Amino acid sequence: MVAAAVSLLLTMLAALSFALYEARVSELEDWREQLSNTTLLLAQQASNEMAAADLLLDGMVERIRSHHIEDPAALRRIMSSENAFQDLLARKKALPQIDVATVTDDEGNVVSFTRHFPAPRSTWQTATTSASTAKRPVAARS
C-alpha cells in the first residue's frame, strides 16, 4: 500500500513538473513573440521617422536647386534670407520629430538653420568628427 502511495505521489509530482515546464515554455514563447512584434513595430516607426526626415531634406535640396545656385556665395545670398529661413522653419514645423534643420555650404559654413535668424557664423565641421561629410555638395545628393 505504501509503495502504491509513493508511486502515485511520484506520478503526480512528475505530472505537475511537466505541466509547470510546459507552462514556462509556453510563456517564454509568448514573450518572444511579443518582443518580436514590438521590435518590428519600433523598426517600422524608426523607418517612418527617417523617411520624414528624408522628405524634409529632399524638399530643402529641391528648393536650393530651384534657384540654380552655382557657388557658395549664391547659396549664402539666397538661403540666408529671412524668406528662406521662414520656408525652412515651416518645413521643419510640419515634422515635429525634427529638432533642427541646417543648410551648410560646401565648406561646412552654416548658411541657414531653424533655431534662429540670422544663422550663426560658424562652421559645421567644428561640431563633427567627420569633415568629409560637411564637404559633400548639395548637387551630389540624389
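Computed from the coordinates by the stated procedures, all read-outs in this text should not be read as laboratory data. All values reported here derive from a predicted model rather than from experimental measurement. Glycine gets a Cβ as well: all are built from the backbone with ideal geometry, and neighbour counts include every protein chain shown.
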Rg and Dmax of segment 2-140, Cα atoms only, in Å: 29.6, 100
Length gained when the stretch Phe18-Val100 is fully extended (0.36 nm per residue, less Cα-Cα span): 23.8 nm
Burial order of peptide ranges 78-87, 4-13, 65-74 (average beta-carbon count within 10 Å, highest first): 78-87, 65-74, 4-13
Selection from Ala119, Ile64, Met50 lying farthest towards where the dipole of segment 2-140 points positive, charges on Cβ: Ala119
Calculated FRET value between His116 and Gln45, using beta carbons and R₀ = 41 Å, to 0.05: 0.85
Simple label model, 7 Å out from Cα along Cβ direction - Ser81 to Met1, nm: 10.6 nm
Model label zone, Leu35; criterion: amide N under 13 Å from point 7 Å along Cα-to-beta-carbon; scope segment 13-29: 27-29
